[in-house]
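Student: Okay, here's the structure, questions in a sec.
The values are calculated or read from the model by the stated rules, or taken from the named source; none is laboratory data. Small disclaimer: the values here were computed from a predicted structure and weren't measured. Positions of Cβ are backbone-derived with ideal geometry, glycine not excepted, and every protein chain shown enters the neighbour counts.
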Amino acid sequence: MTRRTILLIEHDAALLELMGMALELEGFDVRRAGDGDAARAALAGPMPDIVLSCMIMPDFHAYDLLHLLRQEQSSNVPVVILTRRMTSGTEERLKAAGATDVLFKPVKVPELVVRLKQL
(Lines give C-alpha, C1' and ligand atoms only; values in the text may rest on other atoms or scores of the structure.)
Protein backbone atom coordinates (compact mmCIF):
# COMPACT_ATOMS: atom_id res chain seq x y z
CA MET A 1 0.00 0.00 0.00
CA THR A 2 1.28 3.46 -0.90
CA ARG A 3 2.03 5.77 1.99
CA ARG A 4 -0.11 8.90 1.95
CA THR A 5 1.57 12.27 2.17
CA ILE A 6 0.47 14.86 4.71
CA LEU A 7 1.49 18.49 4.65
CA LEU A 8 1.59 19.47 8.32
CA ILE A 9 1.41 23.23 8.91
CA GLU A 10 2.12 24.34 12.49
CA HIS A 11 4.00 27.38 13.84
CA ASP A 12 4.93 25.77 17.17
CA ALA A 13 8.23 24.06 16.27
CA ALA A 14 8.03 21.46 19.05
CA LEU A 15 4.45 20.53 18.18
CA LEU A 16 5.31 20.42 14.47
CA GLU A 17 8.09 17.93 15.15
CA LEU A 18 6.14 15.81 17.66
CA MET A 19 3.04 15.56 15.47
CA GLY A 20 5.17 14.88 12.42
CA MET A 21 7.03 12.05 14.12
CA ALA A 22 3.79 10.54 15.48
CA LEU A 23 2.18 10.58 12.03
CA GLU A 24 5.29 9.06 10.45
CA LEU A 25 5.15 6.24 13.00
CA GLU A 26 1.54 5.68 11.90
CA GLY A 27 2.66 5.18 8.29
CA PHE A 28 2.28 8.63 6.74
CA ASP A 29 4.91 10.57 4.84
CA VAL A 30 4.97 14.01 6.45
CA ARG A 31 6.12 17.26 4.91
CA ARG A 32 6.43 20.05 7.48
CA ALA A 33 5.80 23.79 7.18
CA GLY A 34 6.42 26.05 10.17
CA ASP A 35 5.02 29.28 8.75
CA GLY A 36 2.94 30.74 5.96
CA ASP A 37 5.84 31.13 3.53
CA ALA A 38 6.86 27.48 3.97
CA ALA A 39 3.23 26.40 3.55
CA ARG A 40 2.82 28.39 0.34
CA ALA A 41 6.10 26.98 -1.01
CA ALA A 42 5.06 23.41 -0.15
CA LEU A 43 1.71 23.90 -1.89
CA ALA A 44 3.42 25.23 -5.00
CA GLY A 45 5.06 21.82 -5.45
CA PRO A 46 3.51 18.37 -5.64
CA MET A 47 0.15 18.40 -3.87
CA PRO A 48 -0.02 16.29 -0.70
CA ASP A 49 -2.80 13.77 -0.15
CA ILE A 50 -3.97 15.63 2.97
CA VAL A 51 -3.27 19.05 4.50
CA LEU A 52 -3.31 19.23 8.30
CA SER A 53 -3.03 22.81 9.55
CA CYS A 54 -3.11 24.88 12.68
CA MET A 55 -5.95 27.41 12.40
CA ILE A 56 -4.09 30.56 13.44
CA MET A 57 -0.42 31.30 12.87
CA PRO A 58 1.34 34.66 13.08
CA ASP A 59 1.51 35.08 9.30
CA PHE A 60 -1.03 32.58 7.95
CA HIS A 61 -4.60 31.74 8.87
CA ALA A 62 -6.77 28.76 7.97
CA TYR A 63 -8.91 31.01 5.78
CA ASP A 64 -5.78 32.06 3.83
CA LEU A 65 -4.92 28.40 3.32
CA LEU A 66 -8.44 27.49 2.22
CA HIS A 67 -8.60 30.44 -0.17
CA LEU A 68 -5.24 29.46 -1.67
CA LEU A 69 -6.27 25.83 -2.17
CA ARG A 70 -9.91 26.20 -3.14
CA GLN A 71 -9.96 29.50 -5.04
CA GLU A 72 -6.49 30.00 -6.49
CA GLN A 73 -5.45 26.39 -7.12
CA SER A 74 -8.91 24.76 -7.46
CA SER A 75 -7.63 21.86 -5.40
CA ASN A 76 -9.90 19.36 -3.70
CA VAL A 77 -7.21 17.98 -1.37
CA PRO A 78 -8.73 17.25 2.07
CA VAL A 79 -7.90 19.95 4.62
CA VAL A 80 -8.13 19.28 8.36
CA ILE A 81 -7.91 22.33 10.61
CA LEU A 82 -6.66 22.09 14.20
CA THR A 83 -7.75 24.79 16.64
CA ARG A 84 -7.54 25.63 20.32
CA ARG A 85 -10.45 28.07 20.13
CA MET A 86 -13.86 27.51 18.68
CA THR A 87 -16.50 30.20 18.80
CA SER A 88 -20.08 29.75 17.74
CA GLY A 89 -20.16 29.09 14.02
CA THR A 90 -16.40 28.71 13.54
CA GLU A 91 -16.61 25.09 12.39
CA GLU A 92 -19.45 25.89 9.99
CA ARG A 93 -17.55 28.88 8.51
CA LEU A 94 -14.39 26.81 8.07
CA LYS A 95 -16.31 24.02 6.36
CA ALA A 96 -18.12 26.53 4.13
CA ALA A 97 -14.69 27.89 3.15
CA GLY A 98 -13.56 24.40 2.17
CA ALA A 99 -12.26 22.64 5.29
CA THR A 100 -12.92 18.92 5.30
CA ASP A 101 -12.78 18.57 9.09
CA VAL A 102 -12.07 20.67 12.18
CA LEU A 103 -10.51 19.19 15.33
CA PHE A 104 -9.70 20.66 18.74
CA LYS A 105 -6.16 20.85 20.10
CA PRO A 106 -4.79 19.03 21.85
CA VAL A 107 -5.83 16.18 19.62
CA LYS A 108 -5.03 12.61 20.57
CA VAL A 109 -2.91 10.89 17.93
CA PRO A 110 -5.11 7.75 17.70
CA GLU A 111 -8.19 9.90 17.07
CA LEU A 112 -6.31 12.00 14.53
CA VAL A 113 -5.03 8.94 12.69
CA VAL A 114 -8.53 7.44 12.46
CA ARG A 115 -9.88 10.69 11.04
CA LEU A 116 -7.02 11.03 8.56
CA LYS A 117 -7.33 7.45 7.34
CA GLN A 118 -11.03 8.05 6.65
CA LEU A 119 -10.18 10.79 4.16
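Student: For the range 91-109, enumerate the residues that are of a type in the set (Val, Ile, Thr) and touching a Ser or Thr at 6+ places or on another chain (Cβ under 7 Å).
Tutor: Restricting attention to the range 91-109, the residues satisfying the condition of being of a type in the set (Val, Ile, Thr) are 100, 102, 107, 109.
Val102 - this is the single residue of the range 91-109 that is of a type in the set (Val, Ile, Thr) and touching a Ser or Thr at 6+ places or on another chain (Cβ under 7 Å).
Student: Then there is this: If you scan the range 1-30, which residues turn out to be assigned to a helix (DSSP H, G or I) and surrounded by fewer than 13 Cβ atoms within 10 Å (Cβ to Cβ)? It would help to see each step written out before you state the result.
Tutor: Filtering the range 1-30 down to residues assigned to a helix (DSSP H, G or I) leaves 13-25.
Once the filter is applied, which keeps residues that are assigned to a helix (DSSP H, G or I) and surrounded by fewer than 13 Cβ atoms within 10 Å (Cβ to Cβ), the range 1-30 yields Ala13, Ala14, Met21, Leu25.
Student: Taking Leu65 as the residue in question, decide whether it is under 20 Å from Arg3 (Cβ atoms) and not small (Gly, Ala, Ser).
Tutor: Numbers: under 20 Å from Arg3 (Cβ atoms): no; not small (Gly, Ala, Ser): yes.
Criteria not met by Leu65.
Student: Would you mind finding the one in Leu43, Leu69, Leu52 that is at pLDDT 95 or above and out of contact with any helix residue (DSSP H, G or I) (no Cβ under 6 Å at 6 or more places or on another chain)? Can you show your working first?
Tutor: On the way: Leu43 fails: at pLDDT 95 or above; Leu69 fails: at pLDDT 95 or above.
Checking each option against the conditions leaves just Leu52.
Rundown of residues vs (1) more than 13 Å from the chain's Cα centre (by Cα); (2) within 15 Å of Leu103 (Cβ to Cβ); (3) of a type in the set (Phe, Trp, Tyr), yes/no style:
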site	(1), (2), (3)
Asp12	yes, no, no
Glu17	yes, no, no
Asp29	yes, no, no
Arg32	no, no, no
Gly45	yes, no, no
Cys54	no, yes, no
Arg70	yes, no, no
Ser74	yes, no, no
Thr83	no, yes, no
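Student: OK, next. What number of residues within the range 31-48 satisfy the criterion of being among the aliphatic types (A, V, I, L, M) and loosely packed, with under 15 Cβ neighbours inside 10 Å?
Tutor: Going residue by residue through the range 31-48, those that are among the aliphatic types (A, V, I, L, M) are 33, 38-39, 41-44, 47.
With loosely packed, with under 15 Cβ neighbours inside 10 Å added as a condition, the list becomes 41, 44.
Number of matching residues: 2.
Student: Out of the range 72-119, which residues are modelled with pLDDT of 90 or more and on the phi > 0 side of the Ramachandran plot?
Tutor: Residue satisfying the conditions is Gly98 alone.
Student: Here is a further query. Counting just the residues of the range 49-74 that are touching an Asp or Glu at 6+ places or on another chain (Cβ under 9 Å) and closer than 13 Å to Ala39 by Cβ, which one comes out surrounded by the most Cβ atoms within 10 Å (Cβ to Cβ)? Even if it seems obvious, please write down each step before you answer.
Tutor: Within the range 49-74, the subset touching an Asp or Glu at 6+ places or on another chain (Cβ under 9 Å) is 49, 52-54, 57-60.
Checking the rest, the ones that are also closer than 13 Å to Ala39 by Cβ come to 52-54, 57-60.
Values: Leu52: 27, Ser53: 24, Cys54: 25, Met57: 20, Pro58: 8, Asp59: 10, Phe60: 22.
So the residue we want is Leu52.
Student: Right, next: Please name all residue pairs, on different chains or six or more residues apart, with Cβ atoms under 9 Å, provided the first residue is in the range 93-117 and is over 20 Å from Leu16 (Cβ atoms) and surrounded by fewer than 17 Cβ atoms within 10 Å (Cβ to Cβ) and the second residue is modelled with pLDDT under 95 and aromatic (Phe, Trp, Tyr).
Tutor: Taking only residues 6 or more apart or on different chains, the pairs are Arg93/Tyr63.
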